[in-house]
1. If you go through the range 373-407 one residue at a time, how many are in contact (Cβ under 8 Å) with a residue 24 or more places away in the chain and in a loop (DSSP other than H, G, I, E, B)?
2. Evaluate the following for residue 222: is it within 16 Å of residue 254 (Cα to Cα) and of a type in the set (D, E, K, R)?
3. Could you list, in sequence order, all residues of the range 414-425 that are touching a helix residue (DSSP H, G or I) at 6+ places or on another chain (Cβ under 8 Å) and not aromatic (Phe, Trp, Tyr)?
4. Hey, can you tell me all the residues within the range 304-340 that are in a loop (DSSP other than H, G, I, E, B), in contact with a strand residue (DSSP E or B) (Cβ under 9 Å, 6 or more places away or on another chain) and either closer than 25 Å to residue 267 by Cα or open to solvent by 20 Å² or more (accessible area, probe 1.4 Å) (or both)?
5. Please go through the range 157-193 and pick out each residue that is among the aromatic types (Phe, Trp, Tyr), part of a loop (DSSP other than H, G, I, E, B) and open to solvent by less than 30 Å² (accessible area, probe 1.4 Å).
6. Please give the number of the condition residue 93 fails out of (1) at pLDDT below 90; (2) of a type in the set (A, V, I, L, M, F, W, C); (3) surrounded by fewer than 16 Cβ atoms within 10 Å (Cβ to Cβ).
7. Just need a number here: residues in the range 323-359 that are among the aromatic types (Phe, Trp, Tyr) and more than 12 Å from residue 382 (Cβ to Cβ).
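The values are calculated or read from the model by the stated rules, or taken from the named source; none is laboratory data. All values derive from a computational prediction rather than experimental measurement. Reconstructed Cβ throughout: ideal geometry from the backbone, glycine too, with neighbour counts over all protein chains shown. To get the accessible areas, we keep the full protein, side chains included, count just its heavy atoms, and leave off ligands, DNA and RNA. Shrake-Rupley method; radii C 1.70, N 1.55, O 1.52, S 1.80 Å.
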Amino acid sequence: MERQQGIVYQLDLFAQTSLEAIRPSHHRDTVIEADDRKELQVRRAGEQERALATNLMQVVCSHENIKRAYKQVKQNKGVAGIDNMPVMEFAAWFVSEGDNLLKSLQSGHYQPQAVKPAEIPKPNGGTRKLGIPTVTDRIIQQAIAQVLSPIYEQQFSDHSYGFRPKRSTHQALKKASEYVESGNTVVVDLDLKNFFDVVHHNRLMHRLAETIADKTLLKLIRKYLQSGILTDGLTSQRTEGTPQGSPLSPLLSNIVLDEFDKEMEARGHKFVRYADDCNIFVRSQLAGERVMRTVSNFIENKLKLKVNKEKSQVCLSNQTIFLGYTIQLDGNLSIAAKSLERMKDKIRKITRRNRGRSFIQIISELTPVLRGWLQYFQYARCHKLLQGLDAWIRRKLRCYRIKQCKRTITLQRFLENQGVDKWQSWILALSGIGYWRKSNCPQSQMAMGNRWFDEQGLYNLTVNFERLINLKKPPCTKVCPVV
């Protein structure tokens, strides 16, 4: 009986409407079980080092991998690059140009486009330079990261927590807290100066070549490292650093700093690293200063990176900030003062009295900010701090609501409708003091108390913090004796 060889048909990955295009695929990755074999190849590559890490470009360009990359880039909701093509238009573009794109990638002739420069403010002042690739380049880089990440995850240190699957800032903080609790209360706080801008390309490519044998993929990664920056119509060539803001940048940074992790492990240091933020925990100031000298020499002479000597320091754990927290000498976590002040700045911007937004809209804008902030700092001992912050937020909102009344009679009627005695409401309405002082008067607190704010839908930090604490409590395991 003659073997029947049919053409494999599949749904177009990027179809966004119900009229999904069904078209034949002539690529090898669409053959039955081909994707399974490639996943097995990627998984084993990390186990057998460089031996099986070949022909990875086929895995990168596979149908399922490109589909996952597109979904991830679409979920990130990034802006367009220099070609001004938004993410939503890539699907239609890929239907007509996808085959040519994949052929150029596999042949090694693909040339990435220049990145669009952008700057975002840093929490401690200054700006952070970003490079925004085009949507096509972002999807390609995401596809590369998805293939290389499982390989390198088996090599990365357990002390590294940044930009890795199933690892988080809270896990890094827990480990750091355990070090401090065990008596390592002195911290060597290392700050790398402009880390993403000074990564040595040749060293990075050498590290990649130790595991990856696919020369086409290595050449493509180098092209991305050297992709130019388009400024005022002119493209400037990049000679060092990784393009911060691209999907591939976090993985490359971990590959660069993995050499640092291995050196710290060989020296027997107790340390925690999250991206380029690293803390080494020792028992004395003298030991900390010695570690600072030797580690700084290793970073600058071996890794060809720069240590920011102005921000790096050796101090007690409660005198520095790690991932927004402060670790007390007993190992407990608290919210750093700068983190609290940054949160207040956000609240000030939302509750600015000249915004012209309705009170309910202000509440709705505050809710996700407060919820997200509390979710991150839920492991800190901060009950009293949250009580004070809640009271401050309520006063800010009272001030906003009083300002909305504008006229004296409007304020008097509002206070009276909220249950304030008529003569007391007139006293506050006729008062010549400012809005901020009025918001703290007894009449305002009586009219807009805690229950009123709950009815308005304000997210209460203290109440929700207590709820999170109760959810984290383990079930009771005590056995009651039977009489």
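1. Residues meeting the conditions: 6.
2. Working: within 16 Å of residue 254 (Cα to Cα): no; of a type in the set (D, E, K, R): yes.
So residue 222 fails the test.
3. Pass one, the range 414-425, residues touching a helix residue (DSSP H, G or I) at 6+ places or on another chain (Cβ under 8 Å): 414-416, 418-420, 422, 424-425.
Those that are touching a helix residue (DSSP H, G or I) at 6+ places or on another chain (Cβ under 8 Å) and not aromatic (Phe, Trp, Tyr): 415, 416, 418, 419, 420, 422, 424, 425.
4. Initial filter on the range 304-340 (in a loop (DSSP other than H, G, I, E, B)): 304-306, 308-312, 320-321, 323-324, 328-332, 336.
Next, only the ones that are in contact with a strand residue (DSSP E or B) (Cβ under 9 Å, 6 or more places away or on another chain) stay: 305-306, 308-312, 320-321, 323-324, 328-329, 336.
Listed by number, the residues that qualify are 305, 306, 308, 309, 310, 311, 312, 320, 321, 323, 328, 329.
5. From the range 157-193, those among the aromatic types (Phe, Trp, Tyr) are 161, 163, 179; that's our starting set.
Add one more test, that the residue is part of a loop (DSSP other than H, G, I, E, B), and what stays is 161, 163.
The one that is among the aromatic types (Phe, Trp, Tyr), part of a loop (DSSP other than H, G, I, E, B) and open to solvent by less than 30 Å² (accessible area, probe 1.4 Å): 161.
6. Residue 93 satisfies every listed condition except (1).
7. Within the range 323-359, the subset among the aromatic types (Phe, Trp, Tyr) is 325, 359.
After this cut, where a residue has to be more than 12 Å from residue 382 (Cβ to Cβ) as well, the list is 359.
Qualifying residue count for the region: 1.
Yes/no per residue for (1) in a helix (DSSP H, G or I); (2) at pLDDT 95 or above; (3) over 45 Å from the mean Cα position of the chain (by Cα):
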residue: 409; (1), (2), (3): yes, yes, yes
residue: 433; (1), (2), (3): no, no, no
residue: 437; (1), (2), (3): yes, yes, no
residue: 452; (1), (2), (3): yes, yes, no
